[in-house]
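A.B. asks: My questions all concern the structure below.
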Amino acid sequence: MSTSSNPTPSPDTAREGYDRDRQVRVAVLGVGMMGQDHARRLATLTVGAELVAVSDVDVARTDAVAAEFGVRAIHDPKAAIADPEVDALVIATPGFTHEELVLLALEAGKPVLCEKPLTTSPETSRRIVEKEAELGRPLVQVGFMRRFDTGYQQLRSLIESGEYGAPLFLHCAHRNATTPPNFSSEQLMLDSVVHEVDSVRFLTGEEIVAVRVIAPRSTTAAPEGLLDPQFVIMETESGVLVDVEIFVNTTFGYEVRTELVAEKGQARIGLHEGIVTQSAAGWGGSITKDFKERFGAAYDLEFQRWIDAVRAGTNVDGPGVWDGYAAAAVCAAGVESLKTGQRVEVDLGARP
């Protein structure tokens, strides 16, 4: 199906003459919070990967992170892409830089794991889709880590099995404690709901054909001018109706959950992450503090499977450029709906 992850690579699919025993030499471009976390993952957890360089336009930060991991500091990301001692790239720079860097990596023929978004608009994402199609082989994986989370994988398998019949509704909630400074109303869609967009496509195996965003009264915890929370309604090709509550200034923690309502059953994921207790004194549990805690294991698996795919010569084992483009298109429609209050249809055009 068009929205599913690629299969786990097999040795039979390896490039001729490719040494699968060799470490994949990786450079991380962008060493802010996410980039530093990915650098640590590559340096300490990912089998078959060797972190060889970090790159960021912030010279002091680049030097500090390079010293921490004992790797080279390359201050120009373009130089890191061209470096002959770099086999593969992780792009964790701001989204507006992704188009140029991914296109340069494609021209260099180097595998990429690009953090979401693939780019900041459907037009620029489409250019990457078409460029990769011209090359004739996949090189870019997009960092939608939820596809590697056990709960999402189990829910997708349940839907595919048909045991509960056809899916009818998906009820989603995405809650965060606080937002960074200058977070805009549009970013609720572009930076947060984008994960729900890809998750819905992953779970249902269908494209999203329409979206509507409704902004109720804002919480008093939101900075002035920020429309938070928002309610997003999406429709898939077969008529599955999806609602997303996006609430990013809850003040209490990080929470992501999804409920499937199907013809003959229901299922929920993300309701509780740790132990939940019940006694005469009452009941209780814990809420994760941030996305790294909630999806840490998914990030670890995402990176391991990506490196395994690069070593096998298939380069991508997860969401690719079409998935990044589809997410950008749906989010752009969501931003339009937020501004107009209207239902906005999504037209992806033909897939190369």
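A.B. asks: Arrange the following residues from fewest to most other Cβ atoms within 10 Å of their Cβ: 195, 38, 171.
C.D. replies: Details: 195 21, 38 26, 171 16.
So the residues, fewest neighbours to most, are 171, 195, 38.
A.B. asks: Can I ask one more? On a 0 to 90° scale, report how tilted helix 194-204 is relative to the longest principal axis of the chain, with both axes built from alpha carbons and the result rounded to the nearest 10.
C.D. replies: 80 degrees
A.B. asks: Report, to the nearest 10°, how far helix 296-312 tilts away from the longest principal axis of the Cα atoms in the chain, using its own Cα long axis and a range of 0 to 90°.
C.D. replies: 40 degrees
A.B. asks: Per residue and in Å³, how big is the convex hull formed by the alpha-carbon atoms of segment 60-190?
C.D. replies: Enclosed volume per residue, from the Cα hull, is 193 Å³.
A.B. asks: If you don't mind, another one. At a threshold of 8 angstrom on Cα-Cα distance, excluding pairs fewer than six apart, so keeping six or more, what relative contact order does segment 82-148 reach in percent? Intermediate values should be presented prior to the final figure.
C.D. replies: Details: 78 pairs, mean separation 22.8, N = 67.
The value is 34 percent.
A.B. asks: Residue by residue through segment 136-149, what is 3J(HN,Hα) from phi via Karplus (6.51 cos²θ - 1.76 cosθ + 1.60, θ = phi - 60°)? Round to whole Hz and write x for glycine and proline.
C.D. replies: Here the 3J(HN,Hα) series is x, 8, x, 10, 10, 10, 9, x, 8, 6, 4, 4, 9, 7 Hz.
A.B. asks: Now a separate question. Can you compute the FRET efficiency between residue 233 and residue 293 using 1/(1 + (r/R0)^6), with r the Cβ-Cβ distance and R0 = 25 Å? Round to the nearest 0.05. Numbers along the way, then the final one.
C.D. replies: Values: r = 29 Å, r/R0 = 1.16.
For R0 = 25 Å, the calculated efficiency reads 0.30.
A.B. asks: So how tilted is helix 122-135 from the main axis of the chain? Cα-based, degrees 0 to 90, rounded to 10.
C.D. replies: The answer is roughly 40 degrees.
A.B. asks: Let me ask another. Arrange 192, 184, 157 by Cβ neighbour counts within 10 Å, fewest through most, would you?
C.D. replies: Values: 192 23, 184 15, 157 11.
So the ranking, lowest neighbour count to highest, is 157, 184, 192.
A.B. asks: Charges at C-beta only: +1 for Lys and Arg, -1 for Asp and Glu. How large is the resulting dipole of the chain about its Cα centre, in Debye rounded to 20? Display every interim value, and only then the final one.
C.D. replies: Details: 33 positive and 51 negative charges, 86 e Å.
In total the dipole reaches around 420 debye.
A.B. asks: Toward the positive end of the charge dipole of the chain, about the Cα centre and with charges on Cβ (Lys, Arg +1; Asp, Glu -1), which of 216, 70, 190 goes farthest?
C.D. replies: Checking the options against the dipole of the chain, the answer is 216.
A.B. asks: Pick out, in residue order, every one of the GluC sites (Glu not before Pro) in segment 237-269 that is DSSP loop and has at most 16 other C-beta atoms within 10 Å; say none if there are none.
C.D. replies: On the way: sites: 237, 245, 255, 259, 263; in loops: 237, 263.
The qualifying sites are 237, 263.
A.B. asks: Tell me, what ³J(HN,Hα) does each residue in segment 47-56 have, in order and in whole Hz, if you take phi through Karplus 6.51 cos²θ - 1.76 cosθ + 1.60 with θ = phi - 60° and put x for Gly and Pro?
C.D. replies: Values, residue by residue: 6, x, 10, 10, 6, 10, 7, 10, 9, 6 Hz.
A.B. asks: Give me the number: length gained by fully extending residue 154 to residue 336, i.e. 0.36 nm times residue separation minus the C-alpha to C-alpha distance, one decimal in nm. Could you put the intermediate results ahead of the total?
C.D. replies: Details: separation 182, 0.36 × 182 = 65.52 nm, distance 3.32 nm.
So the chain would gain 62.2 nm between residue 154 and residue 336.
A.B. asks: For the chain, just the Cα atoms, rotate onto the principal axes and tell me the three extents in Å, largest first.
C.D. replies: Cα spread of the chain along its principal axes, largest to smallest: 56, 46, 41 Å.
A.B. asks: Here's another thing I want to ask about it. Starting from the Cα of residue 78, step 7 Å along the direction of its Cβ; do the same at residue 166; then give the gap between the two resulting points in nm.
C.D. replies: For residue 78 paired with residue 166, the spin-label model returns 5.2 nm.
A.B. asks: With only Lys, Arg, Asp and Glu charged, each at its Cβ (+1 for the first two, -1 for the last two), find how big the charge dipole of segment 197-241 is about the Cα centre; round to the nearest 20 debye.
C.D. replies: Numbers: 3 positive and 7 negative charges, 38 e Å.
The dipole of segment 197-241 has a size of about 180 debye.
A.B. asks: Right, here's the next one. Could you work out the local net charge near residue 103, counting Lys and Arg as +1, Asp and Glu as -1, over the other residues with Cβ closer than 15 Å to its Cβ? Before the final figure, lay out the partial values.
C.D. replies: Working: positive: 78, 110, 126, 127, 131; negative: 99, 100, 107, 123, 130, 132, 134.
Charge balance in the 15 Å sphere: -2.
A.B. asks: Okay, next question. Between segment 306-337 and segment 246-272, what is the separation of their alpha carbon centroids in Å?
C.D. replies: 23 Å
A.B. asks: If you don't mind, another one. Could you let me know the centre-to-centre spacing of segment 134-197 and segment 35-66, using Cα atoms, in angstrom?
C.D. replies: Their Cα centres are 26 Å away from one another.
A.B. asks: Using Cα-Cα distances under 8 Å and only pairs 6 or more residues apart, what relative contact order does the chain have, in percent? Present the calculation step by step, with values, prior to reporting the outcome.
C.D. replies: Working: 745 pairs, mean separation 82.1, N = 352.
Over the chain, the number comes to 23 percent.
A.B. asks: Based on other C-beta atoms within 10 Å, arrange 292, 116, 131, 264 from fewest to most. Please report the intermediate quantities before stating the final value.
C.D. replies: Working: 292 13, 116 23, 131 18, 264 9.
Fewest-to-most Cβ neighbours within 10 Å comes out as 264, 292, 131, 116.
A.B. asks: What pairs in 116/292; 78/110; 116/264 have C-alpha atoms more than 23 Å from each other? Could you put the intermediate results ahead of the total?
C.D. replies: Working: 116/292 15 Å; 78/110 13 Å; 116/264 35 Å.
Exceeds cut-off: 116/264.
No value in this document is a laboratory result; all are computed from the given coordinates. Since we're looking at a predicted model, the values are computed, not measured. Because the Cβ atoms are built from the backbone with ideal geometry, glycine has one as well, and the counts that use them run over all protein chains shown.
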